[in-house]
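Encoded as structure tokens, the structure appears first; notes follow it.
The values are calculated or read from the model by the stated rules, or taken from the named source; none is laboratory data. What you see is a predicted model, and the numbers here were worked out from it, not measured in a lab. Cβ placement follows ideal geometry from the backbone for every residue including glycine, while neighbour counts extend to all protein chains displayed. Side chains are part of the model used for accessible areas, which takes the heavy atoms of the whole protein and leaves out ligands, DNA and RNA. Shrake-Rupley method; radii C 1.70, N 1.55, O 1.52, S 1.80 Å.
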Amino acid sequence: MLFTSYAFIAFVLVLLVLYYAVPKRFQKIVLFCGNVFFYFLSGWTNLIYLGVTILSTYTAGVLCGKNQSAQKEYLKAHKEDLDREAKKAFKAKEKNKRKLIIGLAIVLNVAILTVVKLPAQFGLVMPMGISFYTLMSLGYLLDIYWEKQTPEKNLFRYALFVSYFPQLVQGPISRFSELTETLYKEQAFDWKNIYFGFYRVLWGFFKKLVIADRLATAISTISGDFETYNGSYIFLEMFLYTIQLYADFSGGIDITIGVSEMLGIHVTENFIRPYFSKSLKEYWRRWHITMSTWFRDYLFYPISITKTMQNFSKFLRKHFGDRIGKRLPVYVASFIVWFVTGIWHGTTSNFIVWGIVNYVILMVSEELEPLYEKFHEKVIPADHKAWRFVMVLRTFTMLCFLKLFDCYVSAGQVFKAYASAFTFRHFGEMVNGGWLNLGLSGLDYLIAGLGSLTILIVSLVQRKESVRIQLSRKPFALQALVCGSLFVATLIFGAYGMGYDASQFIYNRF
């Protein structure tokens, strides 16, 4: 069920009516039934995958929690009987049991995720949202193992967390402790939540329909016919796709957050004006934030503190000095993280190489940091407005090149496209009307351009405070005018109907 379909709008409206009409103690049941129905519509077999993840991670979490409780009770009961070494040995033995329990659940779910991401080998269709709910579930398990989270003993409540339908399409990757703060609460009807949520959903529809789906036509034309559209067309493709991906992905997150607000449920923000970043490192703190923090907290940090990595660091310090001993283990852990991040997006070579290229740029930038500091001391301060603008422009250009990895199915094709772009073939053809032969008219480009400019202006306006909050303090007439204008613009200029296909969100395929 597409987020931007009439069926989805009808589904949300019916769910909202039922959610607030029933006694509050039944709200979670209504929401869970809505989750199951939403996922069922994507294919009933997908419920099997979701069910296996829920049951396996729930069981592992409960067993791990029971072991932790039994260990504490045993140590308390035998406080006087056991010496220090005996306690240490007992704890190690019990920890190994928990490690086995959690490890088996992780292996099972990672294996399932890996298999469905290899459709060429197994002929399977990847279930909707499996990448997202798998990471959510594994993060929950690891938090239990590290005793940061108490296991949820109620299977229904845990299933409600994993299956929460707004974030199944493309995230965000919620943490159990954060989402369940409001997910499990009984919610009173609040017009403010409805109003704010509707505004956010409408903004997401605007991004998706007016900009992303419109630009998709030209992008698919270029990437689908490389023999015809190469050379300078590749630069146009990179630029348009960079705009499309942000409008598509952030638009979907806006809908997720907006629907959740209507239900009184708080979902973590996933974007903070990423294209204003002055470096790739800063960009990854602003783009798909929940994914970046997940890999940092559940992969990078655990790898960095393993005994193997600590011993490796000691060896390097002893033989090659403190600087190498300190930095090289971090780079090894970072490489593993980025390699896995690439595979998480897709098992084809374009995504794997994309992850490695991101890693190389980040590590080279890290090594050149002392030179940057000297440059800023002697030439221009890092916080100078002109320099910040140059860095934003540079980073955006870099991102345009990196995002080309999404457009082709192999790394070889991507590098072939790069090489072709710098021949500047077809430049005259493209600027003399070729750009109008990509399935879009001049009006289409104008609408997409004005829509993108609107996003830019909104991003600038809300650097200190959300536009919705700012509007809420304005006269009702102005609020109605802004909301009505956005609705009419989406209705009139949205890319649907004859000549267009309703497009699934890009990140749904990851």
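Test of understanding: extend the Cα→C-beta vector of T150 to 7 Å, then name every residue of segment 161-192 with backbone N under 18 Å from that spot. The answer is 161, 176-186, whose backbone nitrogens lie closer than 18 Å to the label point. Straight-line reach from K153: taking Cα to Cα under 27 Å and skipping same-chain neighbours fewer than 8 places apart, the lysines in range are K24, K28, K66, K72, K76, K91, K93, K95, K97, K99, K185. Taking 7 Å steps out from each Cα toward its Cβ at K72 and E282 produces label points 4.4 nm apart. The calculated 222 nm mean residue ellipticity attributable to helices in the chain amounts to -22500 deg cm²/dmol, summing -39500 (n - 2.57) over DSSP H runs of n ≥ 4 and dividing by all residues.
Working value for segment 208-332: equivalent-ellipsoid semi-axes of 39, 25, 11 Å, each the square root of 5 times a Cα gyration tensor eigenvalue, largest first. The average projected area of the chain, computed from the convex hull of its Cα atoms over all directions, is 29.8 nm². Rolling a 1.4 Å probe across the protein heavy atoms gives the chain an accessible surface of 50 Å² per residue.
Mean separation of Cα pairs under 8 Å and 6 or more residues apart, divided by the residue count, gives segment 275-407 a relative contact order of 31 percent. Of the whole protein surface, L460 contributes about 70 Å² of accessible area at a 1.4 Å probe radius. For the pair H266 and V360, a Förster radius of 30 Å applied to the C-beta separation gives a FRET efficiency near 0.20, rounded to the nearest 0.05.
The alpha carbon centroids of segment 1-51 and segment 354-425 are separated by 42 Å. Atom-type composition of the exposed protein surface of the chain places 66 percent of the accessible area on carbon and sulfur (1.4 angstrom probe).
Subtracting the Cα-Cα distance of F315 and E367 from their residue separation scaled by 0.36 nm leaves 16.6 nm.
Suppose R0 equals 56 Å. What FRET efficiency, 1/(1 + (r/R0)^6) with r the Cβ-Cβ distance, do Y184 and E429 give to the nearest 0.05? Once the sixth-power term is evaluated, E becomes 0.40. Multiplying the residue separation of L41 and R473 by 0.36 nm and subtracting their alpha-carbon distance yields 151.5 nm. Counting only C-alpha contacts under 8 Å and six or more residues apart, can you give the relative contact order of the chain as a whole percent? Result for the chain is 19 percent. Charge dipole (Cα centre; +1 on Lys/Arg Cβ, -1 on Asp/Glu Cβ; no other charges) of the chain amounts to roughly 1740 debye. Percent of Cα-Cα pairs more than 20 Å apart in segment 1-159, please. It works out to 62 percent of all Cα pairs.
For K326, the lysines whose Cα comes closer than 21 Å to its Cα, not counting residues fewer than 8 places off in the same chain, are K281, K307, K314, K318. Computed extension gain for F396 through D225, at 0.36 nm per residue and net of the alpha carbon distance, reaches 59.0 nm.
Computed from backbone phi with θ = phi - 60° and the Karplus coefficients 6.51, -1.76 and 1.60, the 3J(HN,Hα) list for segment 251-257 is x, x, 5, 4, 5, 4, 5 Hz; x is used for glycine and proline.
Using the Cβ-Cβ distance between V488 and F375 with R0 set to 51 Å, the FRET efficiency works out to roughly 0.55.
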